[in-house]
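Just below is one structure, and these are the notes that go with it.
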Amino acid sequence: MKKAEILEGSMAVALAVKSCKPGVISAYPISPQTHIVEYLAKMVASGELKSEYVVADSEFSAASIIYGASAAGVRSYTASSSQGLLLMTEVIYNAAGTRLPMVFTGVNRAISAPISIQVDHQDTLSLRDSGLIQFYVENGQEAYDAHIQAFRLAEDSEILLPTMICMDGWVLTHGYEPVELIDQELIDTFLSPYHPIHYLDPENPLTFGSYAEDDILMELKYMIQAAMDQAKKKIVEIASEFHRITGHSGMRLVETYRTEGAEVLLMGMGSMVGTMKEAVDRMREDGIAVGLIKVCCYRPFPSEAIFESCNGARAVAVLDQGFSMGSEGPLSLDVKAALSNLKTPAVFSFITGLAGREVTIETIQRITSTVRKGIDSDQIIRGSQWVDLNQSIL
Amino acid sequence: MPERDEQELFARGHRACPGCGEAIATRWILKATGRNVIIVSPTGCLETFTSPYMFSPWRVPWIHPLFENGAAVASGIEAALKHKGRQEIRVVVIGGDGATFDIGIGGLSGMFERGHRVVYICYDNEAYMNTGNQRCSSTPLFASTTTEPAGRLFPGKNRPKKDMASIAIAHGIDYVATTSVAYPKDLFNKVQKALTMIGPSYIQVHTPCVGGWGYPSEKTVEIGRLAVESGLVPLFEWQEGRIVNFHKIRKKVPVTDYLKPQKRYSHLFAEDRGKAELECLQAMADRNIERFGLAGLSGSSTTEADTA
């Protein structure tokens, strides 16, 4: 294994994408995604990366351009954030329905209004129903490794779905961390060139994007869900092969941290999990039986893995960095559904870290203590608790 | 040109209305492209009547993405073909006026500006016909649509048609042409010429619509010819910074000959109410004829034989 280099998160992603040799890259600038696509543009300009780089006139066009490239049978990639991801949404649904395995980096950022360039998960969470496979990464190394595996998963003939690696804006894209890179030779062993079965080809003229009604549309939508279910198995297989070939840890559906004998389990996604782990260590030192579940794969939602990991705990505290207005934290809704057949644990939903509001070790400790008090009272828990709201503004 | 249906790249059996101008245009477009092509059709009539799941009249690779992204998807296909070294395969968009003039104009401008080798063909039936004749920026002055209907207070559309060809020209692309379903040889020639360009090209095909315009289904070609011969729809080619060719009008007809058979203009002929509007449309046609020098037989790009 090679020595780790100190890399900016955006550079780690650009290097991962470069090593996967996409034939077409298209992008439109938006903070905090910009560094990734700037690095890739530089690699193409210098001849290091032999891709067609199409500078788009909007995120909607960027997604459409890689949709066209993918339909023509070429590996394709784009990255965006926030409003850009919302603008891509129509294309993302369409790509899932057309079964085109485009790979995206979703650099997390709040959604307007009010406008903010700071990180939360509202943008990518809003894509949850589209048929897009989504991973959330904790650090630069995970971002690097996940992108390489994403192409393999998306393009698997049993999957064929658009796939997005979600990474926290600024914290992960602009932070410098040690990242261990993989030799190109090993990546080439892991990821073959893309040769789809169906693509736009005059020698075998096929019709894509047909009109469907009640006799077939339900079946076609069901097949997307079947591929999502299949992806849960594929992810494990692909991760194990990735580990065997490269020595790096493969992607996971969920990661558990100090869950043995835990009474309270904390659950979250993205870079905030790093702080949560630190908080768990401190609380364990104080004799509090607390553990952590990191949700790595959000779509398909790993209900079975969550069910297994949570069974036995008294309470789960889900920390969402986004919200389903009129309802609850989106992650907490999925967790509640996954655990609905169990009497315990009770699921507590917390809304934290919107627009980059800092979630400290103390925040996590306070959340944990709220939950521990909550278990002992017989109150029925409904809705989400918004953490540390400034009451003087409300 | 192939005669028998088996040799047609746009097969029969699709679900277009009888007399559909788009179906005629598409058949001739594919005669011009041949097999070595990928067609992109943004959402519209053409997509609806050609792609009921499990059926397809397309004997060439065809994709329908969304309403507003035909040009961007074509850009991506062209980039992919470049990456694969398959640039002999040509990329052609066939989109309606709604997809082109209105909802997709941003992406179309982007494709033009980036200089993709894409032939963008707009079949222009002058309103949202797939959903039943709603107003578009392509709708001509005083035409009645369901969303800007003629009524006691309004004589139909209150603004002139957007000049999309000039917008294409302003991008400085390789080739811009207007043509009509009523002149299939002209359409065929212009598509073939566009296919020889290295960069983007734009062809706007005036395409009468039986249902939306309200005329008998056997009159599509006749209506199309009257539009051109009245001077309301000038047919031209633009290349290298100038207009290089006009379709000359053989026998000028008054605009009323074109307008009167169409239900969308019937309010202009009810009693005396449309007199001022008709005068205005006639003046518009006369201005076109003068501005483009459409009168007279010399320099005609089409011949007597070029009739449908």
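Exposed loop sites here are chymotrypsin sites (Phe, Trp or Tyr not before Pro) in DSSP loop states with at most 16 other C-beta atoms within 10 Å. What is the longest stretch of chain B lacking them?
B:56-308
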Which pairs, out of A:Lys232/A:Lys343; A:Lys50/B:Lys84; A:Lys50/A:Lys234; B:Lys219/B:Lys263, put more than 18 Å between their alpha-carbon atoms?
A:Lys232/A:Lys343; A:Lys50/A:Lys234
What angle, in degrees between 0 and 90 and rounded to the nearest 10, separates the Cα long axis of helix B:220-229 from the longest principal axis of the Cα atoms of chain B?
70 degrees
Could you state the principal axis extents of the C-alpha atoms in segment B:141-233, from the largest down, to the nearest angstrom?
51, 32, 21
Diffusion constant of segment B:1-114 at 37 °C, which comes from Stokes-Einstein with the Kirkwood Cα-pair radius and 0.692 mPa s, µm²/s
223 µm²/s
Sequence gap at least 6, Cα distance under 8 Å: using those rules, report the relative contact order of chain A to the nearest whole percent.
16 percent
Lys and Arg at +1, Asp and Glu at -1: add these up for the other residues within a Cβ distance under 12 Å of A:Asp229 and post the number.
+2
Partner aspartates and glutamates whose C-alpha sits under 18 Å from that of B:Lys157, ignoring same-chain residues fewer than 8 away, are B:Asp97, B:Asp102, B:Asp124, B:Glu126, B:Glu148, B:Glu277, B:Glu279
Looking at chain B only, what percent of DSSP beta bridges run antiparallel? Nearest 5 please.
25 percent
Normalised by the empirical 2.2 N^0.38 Å for globular proteins, what value does the Cα Rg of segment A:254-386 take?
0.94
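Under the classification rounded if a/c is under 1.5, otherwise prolate if a/b is larger than b/c and oblate if not, where does chain A fall, given a ≥ b ≥ c as square roots of the Cα gyration tensor eigenvalues?
Prolate, since a/c reaches 1.5 and a/b exceeds b/c.
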Pairwise FRET efficiency - A:His195 versus A:Ile361, Cβ, R0 = 35 Å, nearest 0.05
0.10
With runs of 4+ DSSP H residues as the only contributors, calculate the mean residue ellipticity of the protein assembly as shown at 222 nm using -39,500 (n - 2.57) per run, divided by the residue total and rounded to the nearest 500.
-11000 deg cm²/dmol
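What share of the DSSP beta bridges in the protein assembly as shown is antiparallel, in percent to the nearest 5?
Bridges in the protein assembly as shown are about 20 percent antiparallel.
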If the reach is capped at under 20 angstrom between alpha carbons, list the aspartates and glutamates near A:Lys336, excluding any in the same chain fewer than eight residues apart.
A:Asp129, A:Asp229, A:Glu255, A:Glu263, A:Glu304, A:Glu308, A:Asp320, A:Glu328, A:Asp376, A:Asp378
Across bins of 10 angstrom width beginning at 0, how are the C-alpha pair distances of segment B:5-292 distributed, in whole percent?
7, 30, 37, 21, 6, 1, 0
Take the alpha carbon gyration tensor of segment B:56-214, find the square roots of its eigenvalues, order them as a ≥ b ≥ c, and report rounded if a/c is under 1.5; if not, report prolate when a/b exceeds b/c, else oblate.
prolate
Taking the alpha-carbon distance from B:Lys193 and a cut-off under 13 Å, which aspartates and glutamates remain once sequence neighbours fewer than 8 residues away in the same chain are dropped?
B:Asp174, B:Glu237
The rounded separation in angstrom of the Cα centers of segment A:280-341 and segment A:374-394 is 17 Å
Cα-based shape type of segment A:104-259, given that a ≥ b ≥ c are square roots of the gyration tensor eigenvalues and the cut on a/c is 1.5
oblate
When DSSP beta bridges are limited to those with both residues in chain A, what percentage is antiparallel, rounded to the nearest 5?
20 percent
Answer check: the protein assembly as shown, Cα atoms, Kirkwood Rh, Rg/Rh ratio of 1.06
At what distance in angstrom do the alpha carbon centres of segment B:171-207 and segment A:127-175 lie from each other?
43 Å
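Here, each number is a calculation from the coordinates, and none is a lab measurement. What you see is a predicted model, and the numbers here were worked out from it, not measured in a lab. When we count neighbours, we look across all protein chains shown, and the Cβ atoms used for this are built from the backbone with ideal geometry, even at glycine.
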